[in-house]
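Engineer: First the structure, then my questions, so here it is.
The values are calculated or read from the model by the stated rules, or taken from the named source; none is laboratory data. Predicted, not measured: the structure shown is a model, and the values here were computed from it. As a convention, Cβ positions derive from the backbone with ideal geometry for all residues, glycine included, and neighbour counts pool all protein chains shown.
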Amino acid sequence: MNGATLYTLATSLLGGNAMDETLFYQLLNQAKNQREMMRDWVKLRNYDTSITFSSSDTYLTAKTLPTRFLRTYGFYPDSGVFIVRSDGAKLPLSPISMSERYDKRNDEGYYYIDHANGTISRTGSTVGTLHLNYLKGSADIDENGTWALSQIGGPLLVYDVVIEHKGGIDWDRINANQVPYNQRKLNQLETNMATEDARLQQAEAGV
């Protein structure tokens, strides 16, 4: 379902009262971004090898993170971040906070992320290619765009928007009384989408 179809659905759920389109897409993408941060969705998992570290790089050398980077992901104790040297040797990296970067500047096997500036750095002096497993946020939805996270994700976002609109922006007694019924449907869609993702995670883990 593209954005235009989702807007039509929202209009129907609002009893034929069309929202301002700019406001609708602002709320829709706000809801999308919030949903994407809820868990390590399989369909948002990505892999990047575009970053390299050279012998001249220090612990202060900052490399730009991929576009729409949300966060790293891995399965404990593997952080999902490592460097591969030219001889094929793999150096796993563990995360540290920015406040620890000086104390561990000469130690191999660590990385830190500057979230404010969207960069990643490594301590030590290992030369090689950074392998980065991460979650990549989807592009904003417009009238022609879709949300690839789930087939039922679009309607879920619409219910997010409708509840926000009826319960807050256009509050009155009638709208307020409708919110619990819309919330019930939203909860069902949310559960279905989480179950779909759980099955994908189980298949990926081979269980």
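Engineer: Taking strands (runs of 3 or more DSSP E) that do not extend beyond segment 86-127, which have at least 2 residues that are without any contact (Cβ under 8 Å) to a residue 40 or more places away in the chain?
Structural biologist: Answer list for segment 86-127: 90-92, 110-114.
Engineer: Would you call T64 of a type in the set (V, I, T) and under 30 Å from L156 (Cβ atoms)?
Structural biologist: Answer is no for this residue.
Engineer: Hey, could you check segment 1-12 for residues that are in a helix (DSSP H, G or I) and buried (at least 16 other Cβ atoms within 10 Å of the Cβ) and say which is nearest to the chain's Cα centre (by Cα)?
Structural biologist: G3
Engineer: Any idea which of (1) basic (K, R); (2) surrounded by fewer than 16 Cβ atoms within 10 Å (Cβ to Cβ); (3) in contact with a strand residue (DSSP E or B) (Cβ under 7 Å, 6 or more places away or on another chain); (4) over 26 Å from I152 (Cα atoms) is the one R105 doesn't satisfy?
Structural biologist: (3)
Engineer: Right, another one. Restricting to segment 59-85, name every residue that is assigned to a loop (DSSP other than H, G, I, E, B) and of a type in the set (F, W, Y).
Structural biologist: Once the filter is applied, which keeps residues that are assigned to a loop (DSSP other than H, G, I, E, B) and of a type in the set (F, W, Y), segment 59-85 yields Y59, Y73, F75, Y76.
Engineer: Using the structure shown, decide if T52 is in contact with a strand residue (DSSP E or B) (Cβ under 9 Å, 6 or more places away or on another chain) and closer than 29 Å to A205 by Cβ.
Structural biologist: Criteria not met by T52.
Engineer: Of the numbered conditions (1) surrounded by fewer than 11 Cβ atoms within 10 Å (Cβ to Cβ); (2) closer than 30 Å to E190 by Cα, S99 satisfies every one except a single condition; which is it?
Structural biologist: Among (1) surrounded by fewer than 11 Cβ atoms within 10 Å (Cβ to Cβ); (2) closer than 30 Å to E190 by Cα, S99 violates only (2).
For every residue, the table says whether it meets (1) aromatic (F, W, Y); (2) surrounded by 17 or more Cβ atoms within 10 Å (Cβ to Cβ).
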{"position": "F24", "(1), (2)": "yes, yes"}
{"position": "A62", "(1), (2)": "no, no"}
{"position": "L65", "(1), (2)": "no, yes"}
{"position": "S86", "(1), (2)": "no, no"}
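Engineer: Can you confirm whether T146 is in contact with a strand residue (DSSP E or B) (Cβ under 9 Å, 6 or more places away or on another chain), β-branched (V, I, T) and either assigned to a loop (DSSP other than H, G, I, E, B) or not assigned by TED's automatic domain parsing to the domain that holds L27 (or both)?
Structural biologist: No.
Engineer: I need a count of the residues in segment 13-22 that are of a type outside the set (D, E, K, R) and loosely packed, with under 13 Cβ neighbours inside 10 Å.
Structural biologist: Counting residues in segment 13-22 that are of a type outside the set (D, E, K, R) and loosely packed, with under 13 Cβ neighbours inside 10 Å gives 5.
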